Each structure stands twice: as C-alpha cells, then as structure tokens.
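Below: the structure, in structure tokens.
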Amino acid sequence: MASCDLGCREHGSIWHRKPSPAARGGLIVNIIHGATGYHSKAIRFLNVAFDSSGDSLLAGDHQGNIYVFDLNGNRFKLVQRTMQACTALAFNLRRKTEFLVALADYSVKCFDTETQELISWMRGHDSSVSSISVHGSGRYAITTSTDTAQLWDLDTFQRKRKLNVRQSVGIQQVFFLPLSNTILSCFKDNSVFAWEFDTLHCKYQLPTAVEGSALHYKVFAVTRDGRIFVAGGKSNHLHSWCLESKQLVRIIQMPTEVRAVRHLEFLPDSFDGGSNQVLGVLSQDNIMRFISIETYKLLFVIGSHEEGISTATISPSGRYIASVMENGSLNLYSVQALTQEVNKPPPPLFKVVEDWPKCKSEANKLTMRVTSGRSEQPWKSKGSKIQTRLLKVQMSTPLENKENELPGGLNKKRLQVLLKGYGEYPAKYRMFVWRSLLQLPENHLAFSSLIDKGTHSAFVNIQNEYPIKSRKLLRVLQRTLSALAHWSAIFGETPYIPLLAFPFVKLFQNNQLICFEVVATVVVNFCQHWFEYFPNPPVNILSMMENILAHHDKELLQHLIKYSVTSQVYAWPLLETLFSEVLTREEWLKVFDNIFSNHPSYFLMVVVAYIICSRAPLLLCNQSRDFEYFFHHRNNLDVNTVIKRAYHLMETTPSDIHPQRVLDDFMPLTKGQYPVFNKYPKFVVDYQTRERERIRQDEIEYLRERQLVHELEAKALERKAEDEAFYRKQELLQEAEEQRRKMVLEEEEKLAEQRRRLAAMRRELKVKELQFLDASRRRFLKYQQDRREMELKRLDDDIARKASMREQETAATVQDIEVRQMELESHRQLFEQRLIKDQERITQEMREETDDRQRKAELEDHIVQRWIETDQEERQKAQMVAEENLAKVEQKCIDNEWRLQALNKLRHDDQDREKRYEEIAKLLHDNRVKEAELLKAMREAEEEKWEEVAWRKARLEEEQKAAAAADVHRKQFLEDEMNDELELAEKLQSGDGYFERLRDLKARRAERGVRFQQVPESGNVCLNDLSASQSSLHASLDRRRELAHQERELMAEVRQLRQKLTARAQTRRPPALVSATRWTT
C-alpha cells in the first residue's frame, strides 16, 4: 500500500512507485493532508467525486481546499481554496475542466481546474446543499437541500425551476435518472415521485411499500440503465423497485450487524450493459459491503471497525472506489483486485438448467437474505489448488464429445441450451463466455511484436476518415487496425475493416489484446471466403445468401430484383458492418451471443433472417436510395424474432444451398503465434500494395516538391506581404500622424476651451469664496463683537457686584468691630457691676465671717484673672480673624482691580500699578507695625496682670495669717468671757464680795475691751487693704479702658485707610472702557 501526504504542496505525484493493490485488500493508496505547525493535525477530507471517465478524482477538505487527482498521470493538483468547508462536489459533464462545489454558506460555485478561476456563483438555498446531480448531457444540474431542490442551467448558470415542499415533509434527495429525461425526487415521508424533465409534469409515483416491510428511506441508488431503484434507511432491509413496472420486486435483508444504511451505490461493469448487479452498502458500523442483488451473496468488504468509512463513491468505469475514512484520510481501492475471484465464472450457473422449477419458485419469493458465503466460487484445497466442480445435466444422451468442452470449465452444448432458454448470456459473464467460445489464445508476445511495429501507413490519418470524439477509442482502433494490417497485408487494403472492427474495439477498449484476437477470430471464421474476389465484395457469399433468400422468400427477392437491388445493397452493408449500423448495443450483443455459439454459417442466416423479417417495409420501398437508407440505419424490428428465424433457416435450408456446406467449422487461433492469413488474391493485394507504395512515394515526392513550391511561394508572399505591410504601415503611420495632429489640435482647442471655462469657473468660485469669506468674517466679527459686549457687560456686572460686596463686607466688618467693641464695653460694664456686687457681698460676708469672705475674695480674684485671660484670648482671636478677613477682602479687591486693569489698560499702566502696589505694601507695613505695637501693649498688660496676681496672692497669704490670729484671739476671748460668767454666777450664789467681784469683772472687761480694740485695729487694716486692692483693681480697669480706647482708634485708622484705597481705586478706573473695546465694521 502506498501512502501520500499532501502537506503544503500544491502539486506533485500521488505515488513514487506503482502500487500493488492486491497486497492489502485492494487498497491502492492512502492520501492524507497533514498540517504543519505547533499543533500538527491532519486536515479532514469531506467529499469526493469522479469525472465521467473515472480517471480523475475531485476531493475537498474541511478548510475549503479542492484537489484534483489524475490517476492515470499519477499527479495531483490544488485547484481552488474556497476558505470554507464543502458539502457536495460534482464534475461538469459537458466541460471537462469545470466542476461544481457546494459550500457551507449555502451557495454553489463553479470553478475551472485549469485556470482556477471562478466561473459562476449560484445562490438561492437557505440550508446546506447535500447533493448535486448533473444531467447526462452536462447542461443541467439539480442541487438538493432539506427544504428545496433547484434546477440550474449550466450554460447560463441561471435557475430554471425550484421545488418547494412543506417543512413537515422535507426532501431526502432529487437526482436525474441515467439515460433518460426523468427526475426522481425522494421525500422524508417515503414518497418517491418521477417528473418529466422537459415539462416538469409528474409521470408517476411509486406505491407504498408492502405491509410489514416499511422503512424510513434515507439513501438511494439506481442502476446505469435506470431500471432498478434501491432504497434503504434505518433498518437492515433494502427495497428494490422496478421503475418500468413501478413495483417493489424484492426486499433484501442485510446481515444482523447492519442496523442502518448510510450510503448506497451500484458498482458499474463494462460488460453488464448498464444492468448493474453488484450493490455497495455502507452501514452504521462504517463498513461497506458489496452484495449481488441476483444471488444475494456477500462478495467483498472494504473498511473495518478500526478504519471506518465515512462516505464513498465509485468511478463510472467501475475501476476505482474512493472512500473518505473516519480519520479524515482518503483511500483509493482497485475494484479489479477486490473482484479478481468474483469475476471467475461459477460452475453453479448450470443450476438453472438442472433445476429450473425450483429456481423459478425461489426467484418468486420477495424477501431474500444476504449470506456471507461464496458458494458459487471455486474452492481451494489445502494444497492451494483450485478445484472446480461441474454439475452434469441428467440426460439420456451419452456424454458430450471433447470438442464441445471449452476453456474455464464451460461446455458449448450447455451454453447453447442456456442461450435458447434465456435468449442471451448474463451481462456480467458475457465477455468471459465469449472468450471461452472463441477460445482466444492470448498470445501476448505475438501481439506485442505486432504493436511494436507501430502505426500502419494505411491508418496514419484514420481520424480524417473516422472522426471519433474519444481520443482513447480512436487510439485503440488505430492500434488494432495496424496490428491487423501487420498480421496480414489484406487488412491494410480493405476499406471496410474499420467498420467491421469498430464494435469490438468499443466493447474491448480496455483490453487491446482481447480486442485484436476477437476481431482476428471473427475474420478467420465468420468472414470465410470474403477476400477471394478482393477488391470486390464476396460475390460467392452474396450469391449463397441470395439463393437462401430465393428459397425461403421468392416474392421478396423478385421485388428486390424488380428495382435492381442486388445483394451488394441489401446484404453486404449488414455483413461489412456486422449489424452495428442497424442494431442497438443490447440487440447487437444478443445477436452475437447466438453467432458465437453456433456454426459460422449462422452469421449468414442471421443476415437473411433480418431481410426476411423486414419484408413488409421492404415491399413498400420502390426507390434504390430507400433500400440503401433502410440497410444503413436502425429499423423498428424485434431482434428476438430475427434470431428465431435464423435458427429456423439453419434447420430448414436444404443442404445443397446451405452455407455450412461451403464454410468450414470454427477454428480458433493458434497458441504462441497467430496463423498465416493468405486466403485472398495475393497478386492483387501485392499489386495494390506496390501501387499504393508507388503512389505513396509519388505523393511524398509531390508533397515534397509542393512543399518547396509552397515554401518559395510563401517566401515570395512573405516578402510581398512584408513590403506591402511596410508601405501600408508607412501610410498608416502618416495617416495616424495626421490624425494625431488633428486630434492634438482638437484636443488643444478643447483643452483651451476647457481652460477658459475652468478659469471662469475658478473666478466664479473665487468670487463666491470671497463672498463666503466676507460673510463669514462679518458673521464672525458680529459674533466677536456680541461676545465682547457680553464679556464687558459681564465684567462690569462682576466689578459692580464685587465693589458692592467689598463695601458691604467693609461695612459689615466695621459693624462687627463696633458690635464687638460694644460687646466688650457691655462685658466690661457687666464685669464692673459684678465686681461691685461681689465687693458688696464680700464686704457683707467678711463682716459675717472673715474667713469665708477672704476665700471668696480669693476665688473671685482668680475668676477675674481667668476671665481677663479668656477675654484677652478671645479678643486676640477676634482681632486675628478680623484681620484675616479684612486682608482677604482687601486682597480680593486688589486682585479684581488688577485683573480688570490688566484686561483693559495698556502697558503704560504697569508703572502706576507698581506704585499703587508699593503704597499698598507701605500701608500694609504700617498696619503690621501698628498691630505689632498693639500686641506689645497687650503683652505689657499681660505682664502687669501677672505681677498683680502675684501681689494679690502674697496679700491673700498675709490676710489668711491675720485671720488665723484673729480666730485664735476670738476663741481666747470667748473662753475668758465664759470663765468670767461662771465665776460671777458662783459668787452671786454665795453672795460674798459681790461688788468687789463686780468691780473686778468690769476691770477685766475694760482690759478685754482694750484688747478687743487692738484686734479690730488689725481688722481695719484689712479693710483698708481691701480698699487699696479695690483701688488697684480700679487702676487695672482704667488701664484696660485705655487699651480698648487705643484699639478703637487703631481700627478707626485702618477703616479710614481702606476707604482711602477704595476711593483711590475708583478714581483711577478708566471711564470709557466699554467704548474702547467695541468692534467696528
């Protein structure tokens, strides 16, 4: 098995050495398309299709690459990159280089394989196209999808008709029937309709299948003759329909391994006449089984469970099977290698003759099972020798003579009995039977020596006399005729030998050896005595046939003689063409089945029988050209009747006029070397040969001289033509020059006119452009002017608003300062009142209790100190906040004024602004100096206050000590008083010395009075001291009043300074600022 990796190549060889397909199940080559890259992965093939000859294969992969494989030339070529996956492929049967491809975007394209150009793009489907069917003429095509089928004209690539169905039904497949103008449509509901192609009228509908055997049709296949239609689906049954009788003729049951059928296709055979007998069935297990629909036997299998088949197609010639595998590769099989055992003739063919009623009863059964055994094949023994078992016919006659035994195990008598029963041999085995009947020797060496001699001179230009369309058929005909001419010289001189050999050449064009030997055998045995009167027709044979016709139908012969129609008119055309002009292919094969199975004289009897069976139309003819036309064209005549009449003539013709008396029995060609054929007038042939040679030499000499004359004439004509061409060229050049001058002048005039028009247009455009620019400029100036006015108005409003805000803020600040001063004054007055009240309360309390009054006085002094400190801090904070707000307001006013002056004034105002800035800086500096003086004064007041606090604290300690001494003295005084009262009481009670003691008591009271006066003196000192402290407190209050007065004066000076600055700024504002910025036109 050969393997081919396409890779990145666009062309190359398929195999490097010719493969042997028999080595592995008939597989010729395995083709893969490997992709190179980091993730190497094979590109899968999707669809394949063969051309009409079967020698070229079209394959498409899932990336849209389309390849053509030439199997005869061993070449492949990348013909198109569609960049999307293809769903169906088909060749154009009319133009061999064109092909159709259905793509994933629901369109169908036509490309050329040689030019690789897109020919046409056909659209119209709404779903994926599943199949493409091309008519046998190659002019029309049908594309099928699930919802519609469309008929296209491949000449114009226009859609002619469209088949629409209900969505619930759906289409399975629509295709042309072979060899007819019928379209077959198969739907999902198992209905099958046949349509007339020309009118698209429904011809017929196949009836519903028999009860109990219905299946859902999915796949279909038709034989090449269009007679048998096979359908399959989700079952292991196949329905076989006869399209002529429109009936289900049999149900084929596949093996149990088959549960569903995916693809059906018949295997063509060159010798079956289109009635294909082998059917390929691809099942769900990816194995394709080929069965015989006649014997219901499994013939061979391709694919396996490991290497499954996805889809497959068979070449029209029946030589190759191309299958797309499950792994995406492409396998190519040789049908000859797969069927080399199947093609051998099975001996049980005689079973029909032996047990005819039994076979007939079995054929009438509808359901047939496919078995895997091959009972018809010869079986091999252990010694690997093929043993053939012959079935003997039970007859009462003795055994046949050995002369009736034929090669391959056949018997001539039995074949004749079979032929009489069926009228013809089986199409599948016809060629084998013919080879056995003619006993062909197959002399390969002798035939090769004849072929090696080359083309005979008599047939060098045969294509001029016989223009055959097929080059292959013409080449085979030329080789066969040349071999015959080299074998015997008579065949090179016989004018009708191509007509005689052509039917066999067409039939055996794939095997030239068999073709040559069949023609040679026919000439030797069935054309006896034909060349004795050469170059005239065989008068003796024609006379013999005329005698037979006179014996059996004298009236017809008299009619022919009456109109001077000789045997050269009514018999010789049939003989020299071997009936190929008057019979169809099937009829001709049936006639020669009987001719090859009988004595050579039977051929002449068939000619006479044809004439006798045509007596009715012949008797109506009365002109010679009518007779000539009749024997050179096909006629409405039953060939079976002719064959039967020929047998009747063989039996009833008297022996004295019977051709068998003159013609020899059949003699096959000898093995090794072919026999010498010299049954012709040699001197005539030699003379004709010599004359032909002389004529040929004269013709060659004449042709040579004529060639020389032609060459001289050609040279003279060439010179003359060159001269004429030169002068004509010069004239043409002059004329062209004049024309060019005229054209140039005209063009220059046109150009000048165009330039003038262009200049005028340019001027108009320039004027329009200027007008447009002027209008734009005016509009822009107006827009700018309005914008400037709005800006100036906005700035004026901002200035007025900011000035009013500044005035309001200044007034508010002044008012806040005045309110603050009033608050401070009220706080001072309140404090003074509180001090007075506290002083009164303290004085009263001191009078009541000196200790409590002193403590309260100390506490009040402490509270006063804290209040003074708090008030000082609040005043400082208020002063700082006021100063910051005032600075901010002043700075905002200065900034606004500066911005306004910067926008509207020129450079000469810069010096004035600098001067104003210097004055402002000076004023700010003075303000800062005054603030520093105020802070200094406040610090001095604070220091004095701290000194006063220290002094008061010392005074408080002294007063506390004095109070403690007074308490001690008061307690001592009270104790003394109590003691005196007690003593006085005791003395009063005793009564003794009352007055003395009273006097002593008064004295002691006077003494204590002196002492008491001394103690209050100390108390008076304290009160004086308190008045002194009160005077000091009054002095501190006066100091605060003085500081507050200085502060008020400082704030008044600051307020006056701000008013001056505001007035100066207002006086320096330009009066006509708005009018200076106004735009003019």
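What about Leu200, is it more than 25 Å from Val335 (Cβ to Cβ), touching a residue at least 12 places away in the same chain (Cβ under 8 Å), open to solvent by 40 Å² or more (accessible area, probe 1.4 Å) and not in a strand (DSSP E or B)? Give the steps one after another, and end with the answer.
Numbers: more than 25 Å from Val335 (Cβ to Cβ): yes; touching a residue at least 12 places away in the same chain (Cβ under 8 Å): yes; open to solvent by 40 Å² or more (accessible area, probe 1.4 Å): yes; not in a strand (DSSP E or B): yes.
Yes: the conditions hold for Leu200.
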*asked:* Of all residues being open to solvent by 10 Å² or more (accessible area, probe 1.4 Å) and either polar (S, T, N, Q) or in contact with a helix residue (DSSP H, G or I) (Cβ under 6 Å, 6 or more places away or on another chain) (or both) in region 535-551, which is farthest from Gly492 (Cα to Cα)? Just the residue, please.
replied: Ala550
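Out of all the residues in region 455-479, which are assigned to a loop (DSSP other than H, G, I, E, B) and either of a type in the set (D, E, K, R) or in contact with a Ser or Thr (Cβ under 7 Å, 6 or more places away or on another chain) (or both)? Can you show your working first?
Of region 455-479, the ones assigned to a loop (DSSP other than H, G, I, E, B) are 455-456, 460-461, 466-470.
Thr455, His456, Lys469 - these are the residues of region 455-479 that are assigned to a loop (DSSP other than H, G, I, E, B) and either of a type in the set (D, E, K, R) or in contact with a Ser or Thr (Cβ under 7 Å, 6 or more places away or on another chain) (or both).
Residues that are more than 21 Å from Pro503 (Cβ to Cβ) and free of Cβ contacts under 8 Å to residues at least 24 places away in the same chain: list the helices (runs of 4 or more DSSP H) wholly contained in region 587-672 that include at least 1 such residues.
Values: elements: 601-613, 615-620, 624-630, 639-652.
Answer list for region 587-672: 615-620, 624-630, 639-652.
Filter region 560-569 for residues that are open to solvent by less than 30 Å² (accessible area, probe 1.4 Å) and either at pLDDT 90 or above or among the aliphatic types (A, V, I, L, M) (or both); which is farthest from the chain's Cα centre (by Cα)? So that I can check it myself, show each step before the final result.
Taking region 560-569 first, the residues open to solvent by less than 30 Å² (accessible area, probe 1.4 Å) are 560, 565, 567.
In the following step, the residues that additionally are either at pLDDT 90 or above or among the aliphatic types (A, V, I, L, M) (or both) were identified as 560, 565.
On the way: Leu560: 74, Val565: 73 Å.
Result: Leu560.
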*Determine if region 779-797 includes at least one residue that is at pLDDT below 85, assigned to a helix (DSSP H, G or I), farther than 30 Å from Val881 by Cβ and acidic (Asp, Glu).*
yes
*Just checking, how many residues over region 222-242 are of a type outside the set (D, E, K, R), touching a residue at least 24 places away in the same chain (Cβ under 8 Å), over 13 Å from Arg259 (Cβ atoms) and open to solvent by 10 Å² or more (accessible area, probe 1.4 Å)?*
3
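Mind checking whether some residue in region 510-529 is open to solvent by 60 Å² or more (accessible area, probe 1.4 Å), modelled with pLDDT of 90 or more and assigned to a helix (DSSP H, G or I)?
Taking every residue of region 510-529 in turn, none turns out to be open to solvent by 60 Å² or more (accessible area, probe 1.4 Å), modelled with pLDDT of 90 or more and assigned to a helix (DSSP H, G or I).
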*Mind checking whether some residue in region 1055-1066 is at pLDDT 65 or above, more than 30 Å from Gln833 (Cα to Cα), among the charged types (D, E, K, R) and surrounded by 13 or more Cβ atoms within 10 Å (Cβ to Cβ)?*
yes
*Would you mind stating whether Leu103 is more than 19 Å from Ser53 (Cβ to Cβ) and open to solvent by 20 Å² or more (accessible area, probe 1.4 Å)?*
no
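Considering Lys922, Lys936, Lys953, which residue is within 30 Å of Lys856 (Cβ to Cβ), of a type in the set (Lys, Arg), open to solvent by 80 Å² or more (accessible area, probe 1.4 Å) and modelled with pLDDT of 75 or more? If you could, list the steps in order and put the result at the bottom.
Values: Lys922 fails: within 30 Å of Lys856 (Cβ to Cβ); Lys936 fails: within 30 Å of Lys856 (Cβ to Cβ).
The unique qualifying residue is Lys953.
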*Examine region 58-65 for a residue that is among the charged types (D, E, K, R), open to solvent by less than 20 Å² (accessible area, probe 1.4 Å) and touching a Phe, Trp or Tyr at 6+ places or on another chain (Cβ under 6 Å), and state whether such a residue exists.*
yes
*asked:* Yes or no: region 121-139 includes at least one residue that is farther than 22 Å from Gly54 by Cβ and more than 19 Å from the chain's Cα centre (by Cα).
replied: no
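Within region 862-878, can one find any residue that is in a helix (DSSP H, G or I), small (Gly, Ala, Ser) and over 19 Å from Ala803 (Cα atoms)?
Yes.
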_Single residue of Ser168, Ser185, Ser145 found to be without any contact (Cβ under 8 Å) to a residue 12 or more places away in the chain and either of a type in the set (Gly, Ala, Ser) or in contact with a helix residue (DSSP H, G or I) (Cβ under 6 Å, 6 or more places away or on another chain) (or both)_ = Ser168
*Counting just the residues of region 4-43 that are farther than 19 Å from Leu338 by Cβ and more than 29 Å from the chain's Cα centre (by Cα), which one comes out modelled with the lowest pLDDT?*
Arg17
*Determine whether Gln808 is open to solvent by less than 50 Å² (accessible area, probe 1.4 Å) and over 22 Å from Gln876 (Cβ atoms).*
no
*Restricting attention to region 419-431, and to residues there that are open to solvent by less than 20 Å² (accessible area, probe 1.4 Å) and part of a helix (DSSP H, G or I), which single residue is farthest from Val639 (Cα to Cα)?*
Met431
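Table: residues versus (1) crowded, with 20+ Cβ neighbours inside 10 Å; (2) more than 30 Å from Asp225 (Cα to Cα); (3) of a type in the set (Phe, Trp, Tyr); (4) free of Cβ contacts under 8 Å to residues at least 24 places away in the same chain.
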site: Ser436; (1), (2), (3), (4): yes, no, no, no
site: Asp452; (1), (2), (3), (4): no, yes, no, yes
site: Val460; (1), (2), (3), (4): no, yes, no, yes
site: Lys472; (1), (2), (3), (4): no, no, no, no
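Looking for whichever is modelled with pLDDT under 90, assigned to a strand (DSSP E or B) and among the aliphatic types (A, V, I, L, M) here; the options are Ile142, Ile119. Which one fits?
On the way: Ile142 fails: modelled with pLDDT under 90.
Selected residue: Ile119, the only one of Ile142, Ile119 that is modelled with pLDDT under 90, assigned to a strand (DSSP E or B) and among the aliphatic types (A, V, I, L, M).
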_Hey, Asp723 charged (D, E, K, R), open to solvent by less than 100 Å² (accessible area, probe 1.4 Å), farther than 30 Å from Thr1062 by Cβ and assigned to a helix (DSSP H, G or I) or not_ = yes
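The values are calculated or read from the model by the stated rules, or taken from the named source; none is laboratory data. If you're wondering where the values come from, they're calculated on a predicted model, not measured in any experiment. Please note: Cβ atoms are built from the backbone with ideal geometry, for glycine as well, and neighbour counts cover all protein chains shown. To get the accessible areas, we keep the full protein, side chains included, count just its heavy atoms, and leave off ligands, DNA and RNA. Shrake-Rupley method; radii C 1.70, N 1.55, O 1.52, S 1.80 Å.
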